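> My structure is below; once you've seen it, I'll send some questions.
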Ligand code: KIV
């Protein structure tokens, strides 16, 4: 495993891991000063493209956004989500993951699921493609978007899957919308870091969708904390601009050639 990944794993039980999503260069270059992991998440399907689900996101869309993000990152680990229907078989996954790695120069890929895709994950890792796991709520395949860990079977499956992923060699696991005591149990029982989103303070790190954090995406999920109201800031700036254009105050001499 590359040093970058070993350094990340060493943070477990010592220092929280900070992660956010980015879909473009300018945002990525800001996040790179503050984050350990920058994820080009397939959440861009709903956040940017207004798709009903992430299932509509294509490989090509992920690659193009990742190429932009790559230009903004110098320090952090850049991970790219493999979109739905790009890893249905181990061979399909390997072909597509190789393409993502080659075209985007990212550091690794993220796949949703546990036992069902373990053979696929092992093949990617055997081919030197670093993999981040993703358990709990799985937006690509789940029918209902409810938190996980209420039912005993659900809990046991997540515990089993986290151990399978660890054994397969993933460098980290995202836990999405996982009940607090289950997220704590999983985190305490595996040697690789867990990165939570709606999965309590007990995970080794946290991730949020950047557009949610800055209040650009007008949604209100329980697990999101809005650290800014960028919609207001944009609105103020654009209103000021529009007034100045209408009053012929902009552009002035200084802005003209
Ligand atoms: O697609 C995404 O942005 C994600 C994170 C929310 C973990 O998978």
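> How do 227, 202, 221 line up, fewest other C-beta atoms within 10 Å first?
With the fewest neighbours first, 227, 202, 221 line up as 227, 221, 202.
> Same structure, new question: Just from its helices, what would the mean residue ellipticity at 222 nm be for the chain, if runs of 4 or more DSSP H residues each count -39500 (n - 2.57) and the sum is divided by every residue, rounded to the nearest 500 deg cm²/dmol?
Per the formula, -12000 deg cm²/dmol.
> Report the relative contact order of the chain, percent, no decimals, based on alpha-carbon pairs under 8 angstrom and at least 6 residues apart.
Relative contact order, the chain: 16 percent.
> How tilted is helix 90-104 with respect to the longest principal axis of the chain? Cα atoms for both, answer in degrees (0 to 90, nearest 10).
Long axis of 90-104 versus the principal axis of the chain: about 30 degrees.
> Ranking 254, 4, 151, 119 by Cβ neighbours within 10 Å, fewest first, what do you get?
254, 151, 119, 4
> Could you give the nm distance between label points at residue 33 and residue 167, where each point is 7 Å from its Cα heading toward the beta carbon?
Inter-label distance under the simple model: 4.5 nm.
> What's the FRET efficiency of residue 16 with residue 256 using the Cβ-Cβ distance as r and R₀ = 51 Å, to the nearest 0.05?
The calculated FRET efficiency here is 0.55.
> Relative contact order for region 1-124: what is it in percent, counting Cα pairs under 8 Å that are at least 6 residues apart?
Computed over region 1-124, the figure is 23 percent.
> Among bridges DSSP assigns within the chain, what percent are antiparallel (round to 5)?
Around 5 percent antiparallel, to the nearest 5.
> Another question, then. If contacts are Cα pairs under 8 angstrom and at least 6 residues apart, what is the relative contact order of region 161-244 in percent?
Relative contact order comes out at 20 percent.
> Any chance you could give the angle, 0 to 90 degrees and rounded to 10, that helix 180-189 forms with the longest Cα principal axis of the chain?
60
> If you don't mind, there's one more thing I want to ask. Between helix 59-70 and the chain, what is the angle of the helix's C-alpha long axis to the longest principal axis, kept within 0 to 90° and rounded to the nearest 10?
For 59-70 against the chain, the angle is about 70 degrees.
Laboratory data are not the source of any read-out in this text; all were calculated from the coordinates shown. What you see is a predicted model, and the numbers here were worked out from it, not measured in a lab. Cβ: placed from backbone, ideal geometry, glycine included. Neighbour counts: every protein chain shown.
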